[in-house]
1. Only residues in region 4-16 that are over 18 Å from Thr130 (Cβ atoms) count as the first member; pair them with residues that are surrounded by 16 or more Cβ atoms within 10 Å (Cβ to Cβ) and among the charged types (D, E, K, R), Cβ under 8 angstrom, at least 6 apart or cross-chain, and list the lot.
2. Which condition number in (1) part of a loop (DSSP other than H, G, I, E, B); (2) modelled with pLDDT of 80 or more; (3) open to solvent by 10 Å² or more (accessible area, probe 1.4 Å) is the one that Gly13 fails?
3. Just give me the residues in region 202-216 being open to solvent by less than 10 Å² (accessible area, probe 1.4 Å) and under 11 Å from the mean Cα position of the chain (by Cα), in sequence order.
4. Would you be able to say whether some residue in region 237-257 is within 23 Å of the chain's Cα centre (by Cα), open to solvent by less than 50 Å² (accessible area, probe 1.4 Å) and either at pLDDT 90 or above or farther than 28 Å from Trp14 by Cβ (or both)?
5. Against the conditions (1) over 20 Å from the mean Cα position of the chain (by Cα); (2) modelled with pLDDT under 75, where does Asn279 fall short? Just the number, please.
6. Looking at region 191-220, which of the residues that are part of a helix (DSSP H, G or I) and of a type outside the set (Phe, Trp, Tyr) is nearest to ligand 1 (Cβ to nearest atom)?
7. Just give me the residues in region 172-190 being part of a loop (DSSP other than H, G, I, E, B) and either at pLDDT 95 or above or surrounded by 11 or more Cβ atoms within 10 Å (Cβ to Cβ) (or both), in sequence order.
8. Restricting to region 310-325, what's the tally of residues that are more than 8 Å from ligand 2 (Cβ to nearest atom) and either assigned to a helix (DSSP H, G or I) or open to solvent by 70 Å² or more (accessible area, probe 1.4 Å) (or both)?
Amino acid sequence: MNFENLEYLEYLGWNDFFASGCDFDCKEGFTVARVVIQHRDRYILYSEVGELSANITGRLRHHTQQYSGDNSLNISPPHTIAVGDWVVIKLREAEKSATIHHVLPRKSKFSRKVPGLKTEEQVIAANVDTVFLVSGLDRDFNLRRIERYLVLAWESGANPVIVLNKADLCNCLEERIAQVNDIALGVPIVTLSAASNQDLDVLKPYIEPGKTIALLGSSGVGKSTITNKLKGETIQATKSVRHGDDKGKHTTTHRQLIFLPNGGLIIDSPGMREIQIWNADEGLQETFADIEILAQKCRFRNCQHNDEPGCAVRESLEDGKLDYSRFLSYQKLNRELEYLNRKQDQKAYVDTKKRWKKITKQMRNHYKR
Ligand code: GDP
Ligand code: ZN
């Protein structure tokens, strides 16, 4: 594909990864754009010719129909278009509008499972390069929670950075960093105090032109404060958008993909804010005892309760005897536990290696003597 303004696309985050995923037959009049926000079945995009209002082809709509909420039998979408996505569009430049024909493969994605018989996912944000996992260094500090956010980050494909905020409220910074370092295995850790403008620079290395960041963290840890500081003086553009079907009514839509002053991009959306880790209370497994008992009745001992024959858990879900959201929490816990097991293995491996190194050294010294 040839672009008229490749430089601007790169500023929007376009790179070789997306270019090589773009095997769509791009005839004349087709180009690419990035999703800024979805508003029912309209999308706002940034493209090389500026902002566009877009709809999607019927074929794509068929595949992206949003889950409607309360009907658990609803067949949910195989994929959806989310803020941050790169899409192939047919441009109608004169009208500043376009039709989305294709969603390009994603570099990373944050998604949640949509309730329904088939566990389908709803993509919340796509193509985030770096995700700041924000925690407060106050009484809310919780290593288990950081672990859980790390799981989310690894699953997403975005690179995590652990951001310890509210350093002003902590008098054991070194200790905290050491604790986090122990569970985070090579993940960068930064500390700052956003509200008092202290050490905001530690975030700078991750914010570059064409790179997209997002923030994750529990409520109250300082995500909004940090986001606002990063945005600085740039006030979110609130240009009026005229929707063809709104009979000339002007609708102000907040962008969810926002340029930062130095050219980086931030995805700031309600969906991302809603991604929360449920409380890492002890005894959670006991809470799922009913599902564990059900699982014992599955035909296969290692049943994943997806679509295996003779799955008692699926049966209960379909009968409505087992609540779907509870099942999802259960699955999530299992995934996290698996991850932690793997991670502990890795730590055990590193520890063992260290121990052997020490022994070998001692032996060598012994024989030298
Ligand atoms: P969010 O829910 O993660 O978006 O958190 P907010 O940004 O709304 O912050 C929650 C509260 O923490 C607010 O009262 C902030 O003023 C406060 N806060 C944010 N950053 C800091 C900080 O570095 N130090 C202290 N002491 N308070 C902070
Ligand atoms: Zn099963």
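The values are calculated or read from the model by the stated rules, or taken from the named source; none is laboratory data. Just so it is clear, the model here is predicted, and its values are computed rather than measured. Every residue, glycine as well, gets a Cβ built from its backbone with ideal geometry; the counts of neighbours run over all protein chains shown. Just the protein is used for accessible areas: all its heavy atoms, side chains included, with ligands, DNA and RNA removed. Shrake-Rupley method; radii C 1.70, N 1.55, O 1.52, S 1.80 Å.
1. Glu4/Glu48; Asn5/Glu48; Leu6/Glu48; Tyr8/Glu48; Leu9/Glu48
2. Status for Gly13: all satisfied but (3).
3. Ile213, Ala214, Leu216
4. Let us first name the residues in region 237-257 that are within 23 Å of the chain's Cα centre (by Cα), namely 253-257.
Filter once more, so that each one left must be open to solvent by less than 50 Å² (accessible area, probe 1.4 Å): 253, 255-257.
After this cut, where a residue has to be either at pLDDT 90 or above or farther than 28 Å from Trp14 by Cβ (or both) as well, the list is 256-257.
Yes, region 237-257 contains a residue that is within 23 Å of the chain's Cα centre (by Cα), open to solvent by less than 50 Å² (accessible area, probe 1.4 Å) and either at pLDDT 90 or above or farther than 28 Å from Trp14 by Cβ (or both).
5. All conditions pass for Asn279, except number (1).
6. In the first step, residues of region 191-220 are kept if they are part of a helix (DSSP H, G or I); the result is 200-206.
With the extra rule that they be of a type outside the set (Phe, Trp, Tyr), the set shrinks to 200-205.
Numbers: Leu200: 10, Asp201: 14, Val202: 12, Leu203: 13, Lys204: 17, Pro205: 19 Å.
Top of the filtered list is Leu200.
7. Step one: filter region 172-190 for residues part of a loop (DSSP other than H, G, I, E, B), giving 172, 185-188.
Listed by number, the residues that qualify are Cys172, Leu185, Val187, Pro188.
8. Here the count works out to 9.
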